[in-house]
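Report on the following structure.
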Amino acid sequence: MIYEPKCKIDIETASESKIGQVDFEHIEFGKIFTDHLFECDYKDGAWQTPKIRPYGPFSLDPGARVFHYGQAVFEGMKAYKDEQGGIWLFRPDENFRRINKSAKRLAIPDFPEDYFFEGMKTLLQLDSDWIKPGLDNSLYVRPYVIATEAAIAAAPSREYKFVIMCSPAKAYYSGEVRVVFEESFSRAADGGVGFAKAAGNYAAQFYPTELAGKKGFQQIIWTDANTHEYLEEAGTMNIFFRVGDKLITSPTNDRILDGVTRKSVIQLAEDMGIACEVRRIKVQEIKDAAKNGELKEIFGAGTAAVISPISGFGHGGDTFELKKLENSYASKFKSRLVGIQHNEGDDPHNWRYAVN
Ligand code: COI
């Protein structure tokens with residue numbers, strides 16, 4: 001039976017599912033989309049009745065403001081299925097809070113809480129067959145908002161479209177991840193939009209990441225825009241360093257995304273009795289720790305990336321490779337986190353959110 005949303009949503013179901021054409025064992029991240037889509041338009045100063053309809057294109061005026069000025073924000077979430085068929089989200093209240101925080105910074109109107117949660121729950125139940133059980137499976141959920149009003153003046157749109165789309169997922173990074181500590185480009189500046197999941201933040205990273213790729217690095221760890229002496233975040237994930245037995249991660253601020261996985265790792269470290277310092281991290285400190293053997297691990301934390309170990313880094317012409325550890329912190333955090341997400345093990349902080 002289809003979930004009965006607690007607010008009005010117009011629902012049109014797909015006449016046929018595409019699921020039979022999908023090889024769930026070999027999925028490229030973010031390339032396959034489920035049968036349905038959630039859409040809600042904003043006009044005349046209000047969000048209109050949302051709808052769920054078969055997945056497919058929508059039309060936009062070529063003058064839509066999103067095309068000129070990138071007025072757009074998004075979120076990254078995942079849904080999980082346990083062995084009994086239960087569907088779960090992980091801390092979705094954090095994503096709801098953050099999309100509206102990002103929206104505010106880009107002069108986009110707040111999205112209502114009941115539309116967000118009821119829309120997502122209804123969509124996930126309709127497409128529940130696309131969520132496969134198993135700890136390495138999830139359904140990536142991508143809410144976003146775009147400015148749709150046709151106008152060229154550089155001003156906030158008076159019309160928007162809020163969308164939730166879903167894509168079955170396995171690992172985000174399939175191979176080794178080596179990173180470069182950035183020395184000249186910048187991701188974000190004080191007072192800017194680095195903390196927001198603004199679409200343009202990601203596009204602005206593509207060119208420097210492409211250059212890094214040509215040198216054998218899959219990702220960049222961004223440094224502060226003023227001095228390039230302090231390590232901040234990786235752009236697709238927040239970043240943790242293990243020096244000796246201690247973890248270190250950058251504090252969040254208006255340049256760094258307040259990652260849900262990041263804050264969960266900090267809490268799990270406390271639960272596990274692992275010391276975690278949240279403070280500014282000097283590039284030189286990490287290079288020194290790598291030289292004297294104290295740097296044990298670097299890993300990224302993000303919704304898509306989950307916990308991604310980093311095997312080496314480059315900076316200033318030096319490269320450092322990290323030894324593979326048997327009982328790494330990264331593997332401990334990953335198994336605890338993924339267990340909670342898939343309804344295995346206790347959930348002392350009530351992070352799980354039941355969908356069905
Ligand atoms: C996520 O981790 O969900 C993100 O939004 C990052 C994106 C680059 C995939």
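Please go through region 1-90 and write out the chymotrypsin sites (Phe, Trp or Tyr not before Pro) that DSSP classes as loop and that have at most 10 other C-beta atoms within 10 Å. Hits after loop and neighbour filter: nothing returned. Comparing 228, 199, 273 along the charge dipole axis of the chain, the residue lying farthest to the positive side is 228, per the Cβ-charge model. For region 168-224 and region 2-33, write down the distance between their C-alpha centroids in whole Å. Going from one Cα centre to the other spans 30 Å. Net length available on complete extension from residue 344 to residue 183 is 53.7 nm, with 0.36 nm assigned per residue and the Cα-Cα distance removed. Oblate is the label for region 198-293, because a/c, from the alpha-carbon gyration tensor with a ≥ b ≥ c as root eigenvalues, is 1.5 or above and a/b does not exceed b/c. Averaging the sequence gap over all C-alpha pairs within less than 8 Å and six or more residues apart, then dividing by the number of residues, gives region 206-356 a relative contact order of 19 percent. Across all C-alpha atoms in region 10-169, the radius of gyration and Dmax reach 16.2, 53 Å. In this Cβ point-charge picture (+1 for Lys and Arg, -1 for Asp and Glu), region 61-192 has a dipole of about 180 debye about its Cα centre. Could you work out which residue, out of 133, 168, 57, moves most in a Gaussian network model of the chain, that is, has the largest mean-square fluctuation with Cα springs under 10 Å? Comparing 133, 168, 57 in the GNM, the peak value goes to 57. Our summary of shape: the Cα atoms of region 177-341 have principal axis extents of 37, 33, 25 Å, ordered from largest down, in whole angstrom. Computed on the chain, the Cα convex hull volume stands at 144 Å³ per residue.
Beta bridges from DSSP with both residues in region 177-341: antiparallel share about 70 percent, rounded to the nearest 5. Rounded to the nearest 20 debye, the dipole magnitude of the chain is 480 debye, with +1 charges on Lys and Arg beta carbons, -1 on Asp and Glu beta carbons, and the Cα centre as origin.
Taking 7 Å steps out from each Cα toward its Cβ at residue 327 and residue 210 produces label points 4.6 nm apart. The reciprocal of the average 1/r between distinct C-alpha atoms defines the Kirkwood hydrodynamic radius, which for region 49-122 equals 14.7 Å. Across the chain, where is the longest run that never hits trypsin sites (Lys or Arg not before Pro) in a DSSP loop with at most 13 other C-beta atoms within 10 Å? That gives 32-214 as the longest site-free run. For region 307-327 versus region 92-164, the inter-centroid distance based on Cα atoms is 35 Å.
Give 78/161; 101/121; 81/104; 81/296; 291/324 a once-over and call out the pairs whose C-alpha atoms are over 26 Å from each other. From 78/161; 101/121; 81/104; 81/296; 291/324, over 26 Å: 81/104; 81/296.
Every read-out reported here was derived from the displayed coordinates using simple, explicitly stated rules and does not represent laboratory data. Note that the structure is predicted; figures quoted are calculated from it, not measured. Methodologically, a virtual Cβ is constructed for each residue, glycine included, from the backbone with ideal geometry; neighbour enumeration extends over all protein chains shown.
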